[in-house]
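Comments concern the structure below.
The values are calculated or read from the model by the stated rules, or taken from the named source; none is laboratory data. Predicted model, so just to flag it, every value in this text is computed and none were measured. Cβ atoms come from the backbone with ideal geometry, glycine included; neighbour counts cover every protein chain shown.
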Amino acid sequence: MGLDISVFERVERSDIQEYETGRIYIDNNFHQNPDIEVGWFNTDGEASSFRAGPYSYYNKFRDALCYAIHGISAQEFWLNSNAYLGKPFYELIDFSDCEGVFGPQACYKLHGDFNTTNRWKFIYYLKNGESIAKLESEEAWELLEDIVKLGYDEQQDENEFLSLYDDFMIAFESAAGTGALMFC
């Protein structure tokens, strides 16, 4: 068993209240969906999917992401999650590892989180096993500039976590603002 991700470019409320191809049910059990009411939605546009791996692998990825960006484990994050509201990857870190849906607003926000210097921070963590999150701001930016100058990129890094990071970045881009991303 593992975590599969389905991505829908556009979703809109459906009057038909039953499952069939091109229709999904979205519950709102998670605070990541302030813009979606519970119910059935038609999917339109491009749909795609990818496998995030076994649940244990995804949890290790999420933990690495949390260390890289916030300098703490995901478990420490959960203990004080309200302090991280609005921070990078909050919605993804404070989310189920096996089911649920991210609505258009959450997808838009997470797309932005994935498409910033956070990617470089993640690469730095994967290569060095330490986070720059706790460094002073100026020192952290100098370190990020050095990383960019050294040319760390996905062509040079064989790490599967970076590949999963990029899968999520592309998926949230596809669903940003109008679509949904579903954990199943």
Total residues in segment 60-107, condition closer than 21 Å to Tyr25 by Cβ, aromatic (Phe, Trp, Tyr) and either at pLDDT 95 or above or surrounded by 23 or more Cβ atoms within 10 Å (Cβ to Cβ) (or both) | 1
Having 1 or more residues that are within 20 Å of the chain's Cα centre (by Cα) and at pLDDT below 90 is the bar; report the helices (runs of 4 or more DSSP H) wholly within segment 108-184 that clear it.
-> 118-128, 160-175
Look at Gly103 and say whether it is within 16 Å of Ala171 (Cβ to Cβ) and in contact with a Ser or Thr (Cβ under 9 Å, 6 or more places away or on another chain).
-> no
